[in-house]
Structures are given as C-alpha cells and as structure tokens.
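**Q** After the structure tokens below, expect a handful of questions from me.
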Amino acid sequence: MTKVSILIPTFNRANYLKMAVDSAIAQTCPDTEILVLDDCSTDETVNLSHAYSNAANVKFIRNENNIGFINNWNKAVALSSGEYVKIIGDDDILSADCVAEQTRILDEHPDVGVVCCDYYVIDESGRVKNNNQYKLFSRNTKENGREFIKNYLLGKRIVGWPTAILFRRGDIDKAGEFDPKAGCAADIDMWCRILRDKDFYYLDKMLAYDRQFPGNLSKKLDADDFGYKDILFLYSRAVSCIELLDESAKRRVWSTLITRILPFYSKAQARNKTAIRRDINEIAAEHNVPMVWIRCMIHNYYGMLKKIWQGL
C-alpha cells in the first residue's frame, strides 16, 4: 500500500494546476502517489498532462463527463491507494515538507483522524494576503474530536481548507463519501463525521498556500446567495455528532448559526429572504429550538450592526 495519496481534483485551472502538481511532486515524503482528476476541463489541462507523462508517481485521469467537484473528490478517493489521503486545491501549493510533517503526526497518534497545518492565504499572483489566517492555537495541539465539533458549532474553531488537511483513508471509508447535499461545506461535514470517533490535531507550522480570489472554490460559499443552505445542512448534521448540550450551550450554538446565516439574508432579494426565513424555521423546529430564541438572536444581530454603523 502507498503511504500517501495526494489527490488534485481539477476543472479549468490550467493556469495554476502546474504549480499545484509540481508542489506535490516536490514532497520530501518518499512514498506518494499523485492523482489528478480532470473533470472534463475545456482549457489547456489536457495538454498540460502530457508534460508529466514520464513522472512515475503522477497519473492524470480525465472524466468522460463533468460530474461536479464533490463527486470528483469522491472519485479521486475511490481511485487512491494510500494509507493517508490529502486533497489539494488545483490552484493551491504545498510546502515541500507538508506531507512528511503531517504523516509523522498520524503515525505517532493513531487516535487522530484529522491533522491540519497552518497555511498562508495568497491571491491570484501568489502574493501572501494574510500569513496568520489559520492560527488556531499557539502551539501543536490535540483536541478530542467531539469537543472540536462542539467548539466549531459555538464559533470557537474554524476548520482549515482541504489543502491543509491530511486524513486516513480508512476513516473516510468508515464515514462514507463526501455528501453532495452539503455543497461547499462538504469538506467540513466530512471532517465532523470523522471527528465523531477520532481526535483533531493542529500542527503549528505554515505548510501550505491557499489561493483565494473571486470565482474559485474558496470564495464560492460566500458568493452564492444560497450558500446558507450548505451551512444549515452542516449544522443540522453536526449537532447530532456531539453529546447532548445543556440549554446555555444549545442557545449559543444556534446564536452562532444565525450570525453565520444573516449576512446571506441581508444581501438577498425579497423572494430569497422568504426562503431563508422558511429554512431557518424548519431547522429550528427539527431540533426543538424555541422560536423566541431565534427572534431574539436576529434582533441582537441587527442591533450589533446598527451600533457598528453608527460608530463609523
């Protein structure tokens, strides 16, 4: 069995894909396979693949039809043979020792299911936008998986972009495939499902570069008027992953959810506002959340914004 599978699902990113593939080839971890899953690109991706025809551990696979990014992730995982798996964005870059450092953590901690490193955020030109984007802890830290999920739901944790994650193939087989219903939150949904039974490890090293610009997947959730549905789906499923919350914690979880949803509501057109209100009411009813809580949370959110605007 290969030690690590580095998977690069791609669609129309020929201008950045070479940098992603080259950074995967440059890994100091010796036992790796690199699978590039081309989801029927219409740009120069096919021609780019010819440049790697002699690379022993690189394989380009082109889909006959466009199947969408989540199904492409699932296909990549299904075709992989590694004990550990890393999915990297087709416009992202790995530091040369990224896989080796994260592999060491999984080797040393069999109870860890998700290891995430710190990463730089870069723009289209590769300029660092923020060198402290994902500074979750001040040192290497292991946290109980269910505790991590609870803290995420309370807004105290963020989950790193897939390029910064390494996980075990066996854990994803147990958790099931990435769920297309989760949309742009499919990665976070997967990590939460894995963390029901395994621990989370934060590696306090900058080992990856996450490229963010309008139109790429990193920004798609925020740009989509219906991105709130992905967040609602994630919360609805993740709440069931953790132990029963007391009333105070439950209220704080749903307050965090409302805070994440209302920016979508603020920019939505009238007919979409109606849909958002309906969807919030439905998920509140499903989880027995009193509507008085929801109304109070919305009132507090807009009261906070009003104070900010008045202070400008």
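**Q** Grab the eigenvalues of the alpha-carbon gyration tensor for the chain, scale each by 5, take roots, and send me the semi-axes largest first in whole angstrom.
**A** 35, 22, 18
**Q** A follow-up question, please. Mind telling me which of LYS135, LYS205, LYS273 comes out most flexible in a GNM of the chain, alpha-carbon contacts under 10 Å?
**A** LYS273
**Q** To make sure I understand, if each residue's beta carbon is the centre and we count other beta carbons within 10 Å, what order do GLU83, GLU64, GLU44 fall in, fewest to most?
**A** Fewest-to-most ranking of GLU83, GLU64, GLU44: GLU64, GLU44, GLU83.
**Q** Got a sec? How would LYS3, LYS86 order by Cβ neighbour count within 10 Å, fewest to most?
**A** Working: LYS3 17, LYS86 29.
Taking fewest neighbouring Cβ atoms as first place, the list is LYS3, LYS86.
**Q** Can you work out ³J(HN,Hα) from phi for every residue in region 67-78, in order, using Karplus 6.51 cos²θ - 1.76 cosθ + 1.60 and θ = phi - 60°, giving whole Hz and x for Gly and Pro?
**A** Using θ = phi - 60°, the values come out as 10, x, 5, 6, 5, 5, 4, 4, 5, 4, 4, 4 Hz.
**Q** Using only the alpha carbon atoms of region 1-47, find the Kirkwood hydrodynamic radius as the inverse mean reciprocal pair distance, in angstroms to one decimal.
**A** Numbers: mean 1/r = 0.0879 Å⁻¹.
This gives a value of 11.4 Å.
**Q** Name the residue from PRO180, ILE88, LEU106 whose Cα lies farthest towards the positive end of the charge dipole of the chain, charges +1 on Cβ of Lys and Arg and -1 on Cβ of Asp and Glu.
**A** With unit charges placed on the Cβ atoms, the residue in question is PRO180.
**Q** Residues with beta-carbon under 15 Å from that of GLY126, excluding GLY126: net charge, scoring Lys, Arg +1 and Asp, Glu -1?
**A** -2
**Q** Here is a further query. Determine the dipole magnitude for the chain: charges of +1 sit on the beta-carbon of Lys and Arg, -1 on that of Asp and Glu, nothing else is charged, the reference point is the Cα centre, and the result goes in debye to the nearest 20.
**A** 1400
**Q** Follow-up question, since we're still on this one. Would you mind checking LYS135/LYS156; LYS181/LYS205; LYS129/LYS150; LYS75/LYS181; LYS174/LYS229; LYS142/LYS229 for any pair whose Cα atoms are more than 23 angstrom apart?
**A** Numbers: LYS135/LYS156 12 Å; LYS181/LYS205 33 Å; LYS129/LYS150 29 Å; LYS75/LYS181 16 Å; LYS174/LYS229 25 Å; LYS142/LYS229 31 Å.
Beyond 23 Å between Cα atoms: LYS181/LYS205; LYS129/LYS150; LYS174/LYS229; LYS142/LYS229.
**Q** Going by alpha carbons, how many degrees (0 to 90, nearest 10) lie between the helix axis of 270-286 and the longest principal axis of the chain?
**A** So the helix axis and the longest Cα principal axis differ by about 90 degrees.
**Q** How far, in degrees from 0 to 90, does helix 291-311 lean away from the longest principal axis of the Cα atoms of the chain, to the nearest 10?
**A** 80
**Q** Turning to a different aspect of this structure: Hey, what's the Cα Rg ratio for region 1-144 versus the globular rule of thumb, 2.2 N^0.38 Å?
**A** Taking the Cα Rg and dividing by 2.2 N^0.38 Å, one obtains 1.08.
**Q** Ranking CYS116, CYS98, CYS40 by Cβ neighbours within 10 Å, fewest first, what do you get?
**A** Placing the least packed residue first, the sequence is CYS40, CYS116, CYS98.
Quick note: the coordinates plus some simple rules give every number you see, no bench work behind them. Because the structure is predicted, anything quoted here is derived from the model rather than measured. Counting neighbours? That spans all protein chains shown, and the Cβs are built from the backbone with ideal geometry, glycine included.
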